[in-house]
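The block underneath contains the structure these notes are about, expressed in structure tokens.
The values are calculated or read from the model by the stated rules, or taken from the named source; none is laboratory data. Quick caveat: nothing in here was measured; it's all calculated off a predicted structure. Virtual Cβ from ideal backbone geometry, glycine too; neighbours counted across all protein chains shown.
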Amino acid sequence: MSSQGGGGRPKLLWKLDIDCPACKNEMVIEEYIHNIPIIGRIILSSGECKSCGFIYRDTRMADSRGSQILKYRVESGEDLNTIVVRAASASIEIPELKVKVNPGAASQGFITTVEGVLQRIVEVMEFLKEDEEVDINVWEERMDAINKALQGKLRFTLVIRDPEGVSKIVSNKEERLNMYK
Ligand SMILES: [Zn+2]
């Protein structure tokens, strides 16, 4: 094994002072670079606000490719295992399931699989169920479709809109479009 850059442990790049997304007080985050086989070089950021306890986390590719829209067509249960690096600044959309998750101030970047993305959507859906404004019939219909997708019984397209171009779908089926022509 090589000792430099070829995998191994995350290496601290720097510490940054940022404004806490929750309370706006200054907080410190640490950024690490980590070279992961298959995925590539990623930057991991984390920190905790001393004023309010907010936990900041982000995961993004070390190299930006400019504002991009990433698309991935899920055609089988196997495709659900594809690894996804979703940066905090990116939104997630699945047109066939009529779901969209926008990046909020408290949004966190993460590495997961397509299945993991769906499970996060299920969490958001469970949260929405408590909302009185939500039509329960529409909710159930949508949840049904999400569950079918989780079982690999529904084809769908995962769309990641990433203004910073630091997200990645780790597959040769990944399609990339420039966000601004
Ligand atoms: Zn705070």
Fill in: Breaking point among (1) surrounded by 14 or more Cβ atoms within 10 Å (Cβ to Cβ); (2) over 22 Å from residue 14 (Cβ atoms), for residue 48
(2)
Discussion item. Being closer than 15 Å to residue 60 by Cα and aliphatic (A, V, I, L, M) is the filter here; which residues of region 16-44 pass it?
Written reply: 29, 33, 36, 38, 39, 42, 43, 44
Worksheet, complete the sentence: Filtering region 101-139 for residues that are surrounded by 11 or more Cβ atoms within 10 Å (Cβ to Cβ), more than 10 Å from the chain's Cα centre (by Cα) and among the polar types (S, T, N, Q) leaves a count of 1
Practice prompt. Report whether or not residue 128 is more than 30 Å from residue 35 (Cβ to Cβ), more than 16 Å from the ligand (Cβ to nearest atom) and modelled with pLDDT under 90.
Written response: yes
Worksheet item: What single numbered condition from (1) in contact with a helix residue (DSSP H, G or I) (Cβ under 8 Å, 6 or more places away or on another chain); (2) outside any helix (DSSP H, G or I); (3) at pLDDT 90 or above fails to hold for residue 177?
Response: (1)
Response to the item:
residue 52 vs (1) under 12 Å from the mean Cα position of the chain (by Cα); (2) of a type outside the set (Asp, Glu); (3) within 16 Å of the ligand (Cβ to nearest atom): all pass except (1)
Practice prompt. Could you list all residues from region 97-129 that are farther than 18 Å from residue 44 by Cβ and in a strand (DSSP E or B)?
Written response: 99, 100, 101
Worksheet item: On the given criteria, is residue 10 surrounded by fewer than 12 Cβ atoms within 10 Å (Cβ to Cβ) and not hydroxyl-bearing (Ser, Thr, Tyr)?
Response: no
Worksheet item: Restricted to region 26-49, and to residues that are among the aliphatic types (A, V, I, L, M) and within 16 Å of the ligand (Cβ to nearest atom), which residue is nearest to residue 156 (Cα to Cα)?
Response: 29
Worksheet item: Mind checking which pairs have a first residue in region 90-106 that is under 19 Å from residue 65 (Cβ atoms) and assigned by TED's automatic domain parsing to the domain that holds residue 142 and a second that is at pLDDT 85 or above and surrounded by fewer than 12 Cβ atoms within 10 Å (Cβ to Cβ), Cβ under 6 Å, 6 or more apart or different chains?
Response: 91/102
Practice prompt. Taking residue 73 as the residue in question, decide whether it is of a type in the set (D, E, K, R), farther than 18 Å from residue 10 by Cβ and either within 16 Å of the ligand (Cβ to nearest atom) or crowded, with 18+ Cβ neighbours inside 10 Å (or both).
Written response: no
Worksheet item: Would you say residue 151 is out of contact with any Phe, Trp or Tyr (no Cβ under 6 Å at 6 or more places or on another chain) and surrounded by fewer than 15 Cβ atoms within 10 Å (Cβ to Cβ)?
Response: yes
Item to complete: Give region 48-61 a look and list any residue that's within 29 Å of residue 83 (Cα to Cα) and either modelled with pLDDT of 95 or more or of a type in the set (Phe, Trp, Tyr) (or both), or say none.
Response: 48, 54, 56
